[in-house]
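Single-structure report; data block below.
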Amino acid sequence: MTSSSEGARLRELARLRRVRDRIDREYRQPLDVEALARGAHMSAGHLSRQFKAAYGESPYSYLMTRRIERAMTLLRRGDLGVTEVCFEVGCGSLGTFSTRFSELVGMSPSAYRQRARDLAGVPSCLVKAATRPVRNREARSGQRS
């Protein structure tokens, strides 16, 4: 690889990292791939392809994973209902939130909240380790064994 193409690749990776950092910061905002792409001066298709190549998942999937991780924390806290948590983390649809939550966590948000109540008194670091989100490909590979 030439130094100029290596430099271009590093600049593109820096732009992708800024997109990822924006998602981490603004996960509660109504973000979509087009808005993220505009902010990175890329087309939505190019951003999606490059983000997936760099991070192993699409920008939307990464955003939803961040939202679900935050929702898990709020559900463990126990002072908000599932609907309140859904909107607190930036999801506009309870159905989409519940479906994605179930895909990543392996149980519904209500079941997760109940399980968190059952684990009251267990150190939070252990609860977080035992209940972390599982990506679809990880769940599939785990089912084969």
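R115 passes every criterion in (1) surrounded by 14 or more Cβ atoms within 10 Å (Cβ to Cβ); (2) modelled with pLDDT of 75 or more; (3) touching a helix residue (DSSP H, G or I) at 6+ places or on another chain (Cβ under 8 Å); (4) not acidic (D, E) apart from (3). Remark: pairs (first residue in segment 58-86, part of a helix (DSSP H, G or I); second residue of a type in the set (S, T, Y) and surrounded by 16 or more Cβ atoms within 10 Å (Cβ to Cβ); Cβ separation under 6 Å; 6+ apart in sequence or on different chains) = R66/Y27; R67/Y27; L75/Y112. Evaluated against (1) polar (S, T, N, Q); (2) at pLDDT 95 or above; (3) more than 17 Å from the chain's Cα centre (by Cα), S141 falls short on exactly one condition, (2). The residues listed here are S43, S48, S58; of these, the one that is polar (S, T, N, Q) and over 30 Å from A71 (Cβ atoms) is S43.
Within segment 40-54, residues that are of a type outside the set (A, V, I, L, M) reach partners that are surrounded by 18 or more Cβ atoms within 10 Å (Cβ to Cβ) and part of a loop (DSSP other than H, G, I, E, B) with beta carbons closer than 8 Å, at six or more positions or on different chains, in the pairs Q50/M42. Among the residues of segment 42-67, the ones that are surrounded by fewer than 18 Cβ atoms within 10 Å (Cβ to Cβ) and in contact with a Cys (Cβ under 9 Å, 6 or more places away or on another chain) come to 0 in all. Among the residues of segment 87-106, those identified as free of Cβ contacts under 8 Å to residues at least 24 places away in the same chain, surrounded by fewer than 17 Cβ atoms within 10 Å (Cβ to Cβ) and more than 14 Å from P30 (Cβ to Cβ) are L94, G95, T99, S102.
Going by what's in this entry, would V33 be described as modelled with pLDDT of 95 or more and surrounded by 18 or more Cβ atoms within 10 Å (Cβ to Cβ)? Answer is no for this residue. Only one of the listed residues (S98, S4) is at pLDDT below 95, part of a helix (DSSP H, G or I) and either hydrophobic (A, V, I, L, M, F, W, C) or more than 26 Å from C125 (Cβ to Cβ) (or both). That residue is S4.
Looking across segment 16-30, the residues that are part of a helix (DSSP H, G or I) and surrounded by fewer than 17 Cβ atoms within 10 Å (Cβ to Cβ) come down to R17, R18, D21, D24, R25, E26.
The values are calculated or read from the model by the stated rules, or taken from the named source; none is laboratory data. Please read these numbers as outputs of a predicted model, since none were measured by experiment. Ideal geometry is used to build each Cβ from the backbone, glycine not excepted, and the neighbour counts take in all protein chains shown.
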